[in-house]
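Report on the following structure.
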Amino acid sequence: MKTKGSDKTLVVFGVIIVSLLGFLIWGYSQYTTLDKLQKELILEKKTVEEDLKAKTEENVYIFSKLTAEQQKNLSFENQIKDITSQVGTLDKLSKTDKELLQKYSKVYFLNENYVPESLAPVPNEFIYEKDKQIQIHTKVLSNLTDLLRSAQNNSMDLKIISGFRSFGEQSVLKGAYTVSFGSDANKFSADQGYSEHQLGTTVDFTTASVGATFSGFSKTKEYEWLLQNAYKYGFIISYPEGNAYYQFEPWHFRFVGKQLAERLYVEKQNFYDLDQRKIDAYLINIFD
Ligand SMILES: [Zn+2]
């Protein structure tokens, strides 16, 4: 009975041992499978990562190449734009009459055959002698009428007594002045002033009270108004008081464009004191 009992115990013990062993073997086999799987996963991850890295590098390379290409295109585009604008500037300049900003003197004057490219009549309401026809450079007309309307709105009695004068008309006028004023005619109708009238961009102002002799024009409120406002419309007084070049002509205003006129006004300079090369820089924008 005792032996039978210890046999039973042995059997149970044996079964437990075998079960334990079996479990251990199963556990180990599970462990090695997992380990193998993990290693495989790590390897796969590495491959995917390397692949991704290679693809990213490729993309960066393509992108940089693309950017370089785009920049090349952009700079080419800019060059084209530059060239186009330069051609435009040159074209505009070639079509702008260089005489319009010339300084005239006894040594440099306008050719007697010179005529402005186009002339237009000054509206009758602004003309001193009602039935007289006065013409001005077509491109200057709107600036002049703007000036005259603004003067009118400020209760100024400004009228135009002279605009474009051809070489022939000027000779007749000078003759007439000489008859009326003798040798004094040279003081306000000499060779220098006529060139500016022949350009078509120059006018002589007067008022009803001053009339055709211009006498006392420099004492009028209209003259003061012109000194402070004419530049806004591109006009300047060619021969201001105390200038070193010519007889003081308070009524004689020339169109030089808004940009140059404003510069002369701000810097309190005279057109005839400015270097011709500096003046020429304003030619391109004279009608802007
Ligand atoms: Zn004049």
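Of all the residues that make up the range 120-144, how many are outside any loop (DSSP other than H, G, I, E, B) and surrounded by fewer than 17 Cβ atoms within 10 Å (Cβ to Cβ)?
At the first step, the residues of the range 120-144 found to be outside any loop (DSSP other than H, G, I, E, B) are 120-121, 124-127, 135-144.
From the residues that got through so far, the ones that are surrounded by fewer than 17 Cβ atoms within 10 Å (Cβ to Cβ) too are 121, 124-125, 138, 142.
So the answer is 5.
Suppose we filter ALA212, ALA230 for residues that are within 16 Å of the ligand (Cβ to nearest atom), closer than 15 Å to GLY163 by Cα and either in contact (Cβ under 8 Å) with a residue 60 or more places away in the chain or of a type in the set (Lys, Arg) (or both); which single one remains?
Just one listed residue meets the conditions, ALA212.
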Next item on the list: Among the candidates TYR282, TYR265, TYR231, TYR223, single out the residue that is out of contact with any Phe, Trp or Tyr (no Cβ under 8 Å at 6 or more places or on another chain) and aromatic (Phe, Trp, Tyr).
Entry: TYR282
Next item on the list: Report yes if ASP204 is within 11 Å of the ligand (Cβ to nearest atom), charged (D, E, K, R) and either modelled with pLDDT under 95 or surrounded by 15 or more Cβ atoms within 10 Å (Cβ to Cβ) (or both), otherwise no.
Entry: yes
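Does GLU57 fit the bill of being in contact with a Phe, Trp or Tyr (Cβ under 8 Å, 6 or more places away or on another chain), free of Cβ contacts under 8 Å to residues at least 60 places away in the same chain and surrounded by 10 or more Cβ atoms within 10 Å (Cβ to Cβ)?
On the way: in contact with a Phe, Trp or Tyr (Cβ under 8 Å, 6 or more places away or on another chain): no; free of Cβ contacts under 8 Å to residues at least 60 places away in the same chain: yes; surrounded by 10 or more Cβ atoms within 10 Å (Cβ to Cβ): yes.
Answer is no for this residue.
The values are calculated or read from the model by the stated rules, or taken from the named source; none is laboratory data. Not measured: the values here are computed from a predicted model. We place every Cβ from the backbone using ideal geometry, glycine too, and count neighbours over all the protein chains shown.
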